[in-house]
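Quick one: the structure is below, questions incoming.
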Amino acid sequence: MRKNRSDRVNLLNESFVLALSSPLSLYVHIPFCVRKCPYCAFYSVVSKASEIDKFMNCLDEELKLWAALAGGKIKVQTLYIGGGTPTLLNHWQWERLISSLERYVDFLPFLEASVEANPGSLTADHIKLWRSWRITRVSLGVQSLDDGELQLLKRPHSAHDAADAIAALVASGLDVSVDLIFGLPGQTIQSWHRTLKDCLNFGIRHLSIYELTLEEGTPWGECPPSGLTEGYPLYRFAQWYLPKKGFIQYEIASFSLPRHWCRHNIAYWQGENFLGVGPGAWGYLDGFRYGNTREINDYFDQITSENLPVEYQEILPQDKQATEAAILALRTRWGVTATTFKRKYGWKAYRKFLDTWEKLPSDCRAACRGRHAFTPKGFRIANALWENFL
């Protein structure tokens with residue numbers, strides 16, 4: 001059941017709001033960028049100093065509205081501050097964000113707190129501030145350590161900038177994850193190998209690798225670059241190379257040293273509740289899914305009117321929840337756990353899952369001790385396999 005913005009108050013007073021009183025994950029979207037990358041479909045706007053300050057005030061108000069619905073403070077077990085480019089915030093804007101979070105959030109013990117950073121805007125002051133607060137890990141948007149590839153992507157940093165940023169973060173003692181893109185025009189196994197090897201040589205503990213996709217509504221989606229490289233061989237190379245260096249593939253795009261995986265993302269893939277704040281952010285609360293407006297002036301207007309800036313909302317029927325839960329779980333090495341799935345969605349939903357599962361190619365799936373998960377080959381062709389569940 002979908003409802004429009006005029007139904008917001010009614011929806012948010014129904015029983016699923018009780019999920020807000022339990023521990024959940026919190027995503028904070030900082031929508032500002034120096035410029036829009038030609039391949040990026042995430043919501044972002046080119047930064048203006050006056051807009052950032054206004055945004056910080058509105059974000060505080062949005063957190064206040066959610067905290068009121070939660071009955072005081074929002075109980076958070078994982079925090080992820082993404083974008084956009086969070087490192088475009090200056091020291092005082094970060095202090096404002098931290099103050100807002102401390103005011104409206106009850107951070108639970110053993111908190112994982114992640115922040116996204118870009119090499120071109122990361123400073124020593126950012127690192128010092130994060131270390132003095134609650135941040136435990138940083139996801140650095142490197143994308144490549146090849147200057148030619150970075151120029152093609154129109155990234156606002158060089159390979160040297162990226163190397164300096166990785167080194168500084170590793171030296172700080174924070175857990176460091178690096179984001180990379182493969183399948184770029186002209187990219188070779190050799191250049192991909194060099195980027196992977198050089199990243200690992202810094203001592204990072206986590207890598208996320210994403211195939212270049214041409215998203216509708218992006219410049220490259222409308223006018224693709226020439227000479228695109230097939231991503232499959234590069235992905236397969238990473239699946240071979242990274243485990244040799246001690247990295248475990250725990251999710252389709254994610255590799256880490258043991259026990260250094262991203263708990264925030266795992267919570268999402270396991271269908272746990274998460275709250276999203278900021279323009280373009282999404283959230284999920286016990287079958288209620290919502291999306292905030294993707295237009296920053298509308299975001300400002302809604303918050304100024306003391307409304308949550310929710311633009312899209314949907315109550316998922318049980319069968320759709322089960323299907324989505326299976327697909328998300330199959331992104332990970334742990335896959336679908338029979339006992340958990342049956343407890344949440346019932347025997348009938350589990351039987352339906354098994355009927356589809358058993359029709360998949362045998363070399364793409366594995367089952368052991370009540371768990372159903374994709375093999376490395378299954379990860380490689382996951383997009384095609386998921387279609388069977390829809």
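Laboratory data are not the source of any read-out in this text; all were calculated from the coordinates shown. The structure presented is a predicted model; accordingly, all values stated were derived computationally and were not measured. Glycine gets a Cβ as well: all are built from the backbone with ideal geometry, and neighbour counts include every protein chain shown.
Taking the number of other C-beta atoms within 10 Å as the exposure measure, put CYS262, CYS40 in order starting with the fewest.
Working: CYS262 23, CYS40 16.
Exposure proxy ranking, most exposed first: CYS40, CYS262.
In whole Hz, what ³J(HN,Hα) sequence does the range 139-144 give by Karplus (6.51, -1.76, 1.60; θ = phi - 60°), x for Gly and Pro?
After applying 6.51 cos²θ - 1.76 cosθ + 1.60, I find 9, 9, x, 6, 6, 6 Hz.
Now for a different question. What GluC sites (Glu not before Pro) in the range 140-237 are in a loop by DSSP, with at most 11 other Cβ atoms within 10 Å of the Cβ? Don't jump to the answer; show the numbers that get you there.
On the way: sites: GLU149, GLU211, GLU215, GLU216, GLU222, GLU230; in loops: GLU215, GLU216, GLU230.
Sparse-neighbourhood loop GluC sites (Glu not before Pro): GLU216, GLU230.
Treat every Asp and Glu Cβ in the range 51-123 as -1 and every Lys and Arg Cβ as +1, leave all other atoms uncharged, and give the resulting dipole magnitude about the Cα centre to the nearest 20 debye. Could the numbers behind the result be given before it?
Details: 6 positive and 10 negative charges, 35 e Å.
Computed charge dipole of the range 51-123: roughly 160 debye.
If you take the C-alpha gyration tensor of the range 318-390, multiply each eigenvalue by 5 and take the square root, what semi-axes do you get, largest first, in whole Å?
They are 18, 13, 10 Å, listed largest first.
Read phi for every residue in the range 108-116 and hand back ³J(HN,Hα) as whole Hz from Karplus 6.51 cos²θ - 1.76 cosθ + 1.60, θ = phi - 60°, with x for Gly and Pro.
Taking θ as phi minus 60°, the curve returns 7, x, 6, 4, 9, 10, 10, 9, 8 Hz for the range 108-116.
Could you tell me the convex hull volume per residue, in Å³, taken over the Cα atoms of the range 237-333?
Working: hull volume 12.0 nm³, N = 97.
In the range 237-333, the Cα convex hull volume per residue is 124 Å³.
At 7 Å along Cα-to-Cβ for each site, give me the label-to-label distance between THR356 and THR375 in nm.
My value for the distance between the label points is 2.1 nm.
Sticking with this structure for a sec: With r defined as the distance between the Cβ atoms of GLU230 and LYS154 and R0 fixed at 30 Å, what FRET efficiency is calculated, to the nearest 0.05?
Numbers: r = 22 Å, r/R0 = 0.74.
Step by step, r from the Cβ atoms, then E = 0.85.
For the chain, give me the percentage of DSSP beta bridges that are antiparallel, rounded to the nearest 5 percent.
DSSP beta bridges in the chain are roughly 40 percent antiparallel.
Using +1 at the C-beta of Lys and Arg and -1 at the C-beta of Asp and Glu, which of VAL105, ALA117, LEU145 has the Cα lying farthest in the positive direction of the dipole of the range 91-158?
Checked the options; the winner is VAL105.
Computed over the Cα atoms of the range 83-140, what is the convex hull's projected area averaged over all directions, in nm²? Show your work: numbers first, answer last.
Values: hull surface 15.9 nm².
One quarter of the hull surface, i.e. the mean projection, equals 4.0 nm².
Between the DSSP loop rule and a limit of at most 14 other Cβ atoms within 10 Å, which trypsin sites (Lys or Arg not before Pro) in the range 231-260 are left? Please list the in-between numbers first.
Working: sites: ARG236, LYS244, LYS245, ARG259; in loops: LYS245, ARG259.
Answer in residue order: LYS245, ARG259.
Still on this structure, I have one more. Which Cα, out of SER305, VAL45, SER158, lies furthest along the positive dipole direction of the chain (beta carbon charges, K/R +1, D/E -1)?
Checking the options against the dipole of the chain, the answer is SER158.
Work the Kirkwood hydrodynamic radius out for the range 146-211: mean of 1/r over every pair of different alpha-carbon atoms, inverted, in Å.
Values: mean 1/r = 0.0805 Å⁻¹.
12.4 Å is the Kirkwood radius here.
Then there's this: If we count other beta carbons within 10 Å of each Cβ, what is the order of LEU360, LEU63, LEU390, fewest first?
Details: LEU360 18, LEU63 23, LEU390 8.
Ranking LEU360, LEU63, LEU390 by Cβ neighbours within 10 Å, fewest first, gives LEU390, LEU360, LEU63.
Can I ask one more? List every residue whose amide H lies under 5 Å from the amide H of VAL178, counting only residues 5 or more places away in sequence or on a different chain, with H placed 1.01 Å from N in the peptide plane.
The list, which skips near neighbours in sequence, is LEU140, HIS206, LEU207, SER208.
In the structure displayed, which of LYS54/LYS75; LYS245/LYS342; LYS344/LYS377; LYS54/LYS154; LYS245/LYS320; LYS73/LYS245 lie more than 31 Å apart, Cα to Cα? Could you put the intermediate results ahead of the total?
On the way: LYS54/LYS75 26 Å; LYS245/LYS342 37 Å; LYS344/LYS377 29 Å; LYS54/LYS154 28 Å; LYS245/LYS320 39 Å; LYS73/LYS245 42 Å.
In this structure, LYS245/LYS342; LYS245/LYS320; LYS73/LYS245 exceed 31 Å between Cα atoms.
Moving on. Read phi for every residue in the range 305-310 and hand back ³J(HN,Hα) as whole Hz from Karplus 6.51 cos²θ - 1.76 cosθ + 1.60, θ = phi - 60°, with x for Gly and Pro.
Couplings: 8, 6, 10, 5, x, 6 Hz.
While we're here: Considering the dipole of the chain built from charges on the beta carbon (Lys and Arg +1, Asp and Glu -1) around the Cα centre, which of LEU20, TRP386, GLN190 is farthest to its positive end?
TRP386
About the Cα centre of the range 216-292, what is the dipole size in debye to 20, counting +1 per Lys and Arg Cβ and -1 per Asp and Glu Cβ, all else neutral? Each step should come with its number before you reach the end.
Numbers: 6 positive and 6 negative charges, 98 e Å.
Charge dipole of the range 216-292: 480 debye, to the nearest 20.
With an 8 Å Cα cut-off and a minimum separation of 6 or more residues, compute the relative contact order for the chain in percent.
Values: 665 pairs, mean separation 66.1, N = 390.
Across the chain, relative contact order equals 17 percent.
Further question on the same structure: By per-residue mean of other Cβ atoms within 10 Å, what is the highest-first order of 69-82, 271-284?
Packing proxy ranking, top to bottom: 271-284, 69-82.
Here's a follow-up. Going through the range 147-229, which trypsin sites (Lys or Arg not before Pro) have at most 14 other Cβ atoms within 10 Å and a DSSP loop state?
Working: sites: LYS154, ARG194, LYS197, ARG205; in loops: LYS154, ARG205.
Within the range 147-229, the qualifying trypsin sites (Lys or Arg not before Pro) (loop, at most 14 other Cβ atoms within 10 Å) are LYS154.
If you compute semi-axes √(5λ) of the Cα gyration tensor in Å for the structure shown, which of (1) 39, 24, 20; (2) 31, 25, 20; (3) 31, 29, 20 do you land on?
So the structure-derived entry is (3).
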